[in-house]
Structure formats: C-alpha cells, structure tokens
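Take a look at the structure below.
The values are calculated or read from the model by the stated rules, or taken from the named source; none is laboratory data. No experiment lies behind these values; they were computed from the predicted model shown. Cβ atoms come from the backbone with ideal geometry, glycine included; neighbour counts cover every protein chain shown. What goes into the accessible areas is simple: the full protein's heavy atoms, side chains included, and nothing from ligands, DNA or RNA. Shrake-Rupley method; radii C 1.70, N 1.55, O 1.52, S 1.80 Å.
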Amino acid sequence: MSSAIGVPLSRAEANAPAGSGRYYRRFGLLERVMHAVLMFTFIGCALSGLPLLYPDHAWAEALVRLFGGFRGAGLIHRICAAVMIVVFVGHVLRVLYRGLASDSILTILWGPDSMVPQGKDIADIYNHFKWFLGRGPRPQFDRYTYWEKFDYWAVFWGMFIIGGSGLMLWFPIFFSQFLPGWVLNITSLVHGEEALLAVGFIFTIHFFNGHLRPEKFPMDLVIFTGRVSEHELAEERPIERARLVREGRLTTLETTPPSAGSMTFGRIVGGTALTLGIVTILLIFYSLLR
Ligand code: HEM
C-alpha cells in the first residue's frame, strides 16, 4: 500500500484509522544527524577494519583495493573512528547538560525520557514474552521500549571497549607509558572480537528491530523524518501518549507530516545501510564457514 504521495507505507502507517493525519515530533534535527553520522562512521569502520581480520579472502582484498590499499583503509578507519568518538562524546555531554538544565539531574536516571532500565522494563520483557506465546495482552510501552534501551546500552558500552582499544592501537607509544606490554598485546584481539560482536548485533538485532519486525516492515522512518503518526504513537507508546496529553504537551509536539522528500531520503539512506550491513554479515559467515 502507498501513501497519498506515492511512498510505500509500513504496516503501522497503513493500518492508521482514516482521517487521523496528525503527526508528532519524536526526534529533533540534531538527534537525527547524530544517528546518521553514527550509522555511516560505524559502517565505514566495519568495512575498513574487517579486511584486517580476514586478510586471506578475496573479498577482503577487493575491499582494501576499493579504499586505495591498506594505507587508504587505515586512513578511512581512523577518520570514521575519530568522527564517531566526537559524536559519542557530544552525545554524553548533551545528556549531562540536559540533566543539569532540568529541575533534577536524576531525570537522566529515572525520568520517563531516561534510557536507564527501570523495574517496568523487566516486567515488560516478561509480559512481552507471554504475549509472544499468546498468554497475555501486549505490554504498554512508554517513550523507550526495553529493546530500544538494550540497543542503546550495547552501543554505549561498546564504544568504551572498541573506542578505548582502538585508541590504544592508534597510539601505542603513548599508551605504553602507562600500561604494561601485555595489555597492548591483547588490545588488537579485544578490538577485533568486540568489532565482530558489534557488527553482528547492529546488523542483525538492531536492523530487525528497525526494519524487519512485522509492524515496521519494510522500514521505520522515524529516525530519518523525526515524526511519528498519531496512530503509531497511540498504538506503540500509549503510556507516553497519555503522559503527554496529561501534561498538555502533546499539542505542542504536533507537526506537519513527513515530506515525500524526507521519506525518500530516509529510504535511500536506510536502504543503503541495510544492504551494506547484510552483505557484511554474509561475508563474515562465508569467511567463518570456508
Ligand atoms: C571507535 C573508535 C575506533 C578506533 C579509534 C579504531 C582504531 C583502530 C585501529 C588504529 C586499528 C588498526 C588499523 C590499522 O593498523 O590500519 C583498528 C583495527 C580494526 N578495527 Fe577499529 N577502531 C575503532 C572502531 C571500530 C569499529 C566500530 C569497528 C567495527 C565495527 C572496528 C573494526 C576493526 C577491526 C575488525 C580491526 C582489525 C583488528 C585486527 O587486526 O585484529 N573498529 N581499529
């Protein structure tokens, strides 16, 4: 099924009741840009780093040649890594700033917009699995679901391990002033294994959540357009919606529907990332099985 502007709709959009044309802002421009930069720097690091793990495979050789040889691949890897670290540090500073600017810094930890897992998330996991088995109603979610928080923290802690070990690989002489040699020896092992874990997680679980779940297939565009439809908000995040209504904030978030251009842009960017991710996973499997 297509929208009035000819763009294919996800199932949640297609099931929206007739006449409910309202949209609400979910993500601001900065959040969307930061996510896009994270997406492409992660893919850049993966494509330029993985050939070092599988140097004896033809695909690795072809990829390295595409980057202009090992020097070129190393340069791309370091540029993507540096940008990724800047975005990550920027995100952490922004969260701290917003916490300090709000009435209580504890909102970072326990507020409804917090990414920190709460007791309700544990109950949601239990009830969601009951629902999967047809043994209870679907749990009602707030602004962030338990699996969105899981994805967030996977990237957050991954950044410390992959970024920390990556910086040690980048500046070994500097780090050898404080760290024993054996730490530097295992750094490349830690970096490579964590990279495999991160690639495996992002390109399967995270992509499944964003693209392949029946309600989202073929793609959830909210991270590109920043907008969520009335139907999606009411259906998927009823607790958030009720809170926004109660606080009189829902109307202030009302915005125009996503433009055809922004949806096409989202589909191209998301589709490119999805394709590169799936190809990468297939190449890793092929290399492991051969
Ligand atoms: C975020 C900061 C990161 C930094 C500072 C960093 C830095 C580095 C450096 C300096 C190397 C050695 C490359 C060479 O000698 O040319 C390397 C290797 C590698 N990187 Fe990263 N990297 C980062 C993120 C990532 C990410 C996100 C991935 C994958 C998703 C990744 C995957 C790899 C792999 C697979 C290797 C090869 C490891 C090995 O040879 O065992 N890196 N990285």
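Details
- Test: LEU75 is near the ligand (Cβ under 10 Å from one of its atoms), in a helix (DSSP H, G or I) and open to solvent by less than 60 Å² (accessible area, probe 1.4 Å): no
- Selection status of LEU276, out of contact with any Phe, Trp or Tyr (no Cβ under 7 Å at 6 or more places or on another chain), part of a helix (DSSP H, G or I) and open to solvent by 20 Å² or more (accessible area, probe 1.4 Å): yes
- Taken over the range 212-254, the criterion of being β-branched (Val, Ile, Thr) and part of a helix (DSSP H, G or I) is satisfied by VAL222, ILE223, THR225, ILE239, VAL245, THR251, THR252.
- Residues that are touching a residue at least 12 places away in the same chain (Cβ under 8 Å), out of contact with any Phe, Trp or Tyr (no Cβ under 9 Å at 6 or more places or on another chain) and among the aliphatic types (A, V, I, L, M), drawn from the range 228-270: ALA260
- Residue check for PHE27: at pLDDT 95 or above, of a type in the set (Phe, Trp, Tyr) and part of a helix (DSSP H, G or I): no
- Checking each residue in the range 185-210 for being open to solvent by less than 40 Å² (accessible area, probe 1.4 Å) and over 19 Å from VAL37 (Cα atoms) picks out THR187, HIS191, GLY192, GLU194, GLY200, ASN209.
- Residue in the range 214-230 that is open to solvent by less than 20 Å² (accessible area, probe 1.4 Å), within 16 Å of the ligand (Cβ to nearest atom) and in contact with a Ser or Thr (Cβ under 7 Å, 6 or more places away or on another chain) present: no
- Scanning the range 158-182 for residues that are open to solvent by 30 Å² or more (accessible area, probe 1.4 Å), part of a helix (DSSP H, G or I) and out of contact with any Ser or Thr (no Cβ under 9 Å at 6 or more places or on another chain) yields PHE160, ILE161, ILE162, LEU167, TRP170, ILE173, PHE174, GLY181, TRP182.
- SER114 being open to solvent by less than 40 Å² (accessible area, probe 1.4 Å) and assigned to a loop (DSSP other than H, G, I, E, B): yes
- Scanning the range 29-70 for residues that are more than 8 Å from the ligand (Cβ to nearest atom) and more than 20 Å from ALA273 (Cβ to Cβ) yields TYR54, PRO55, ASP56, HIS57, ALA58, ALA60, GLU61, ALA62, VAL64, ARG65, GLY68, GLY69.
- Residues of the range 136-154 satisfying the condition of being open to solvent by 50 Å² or more (accessible area, probe 1.4 Å) and under 19 Å from VAL92 (Cα atoms): PHE150, TYR152, TRP153
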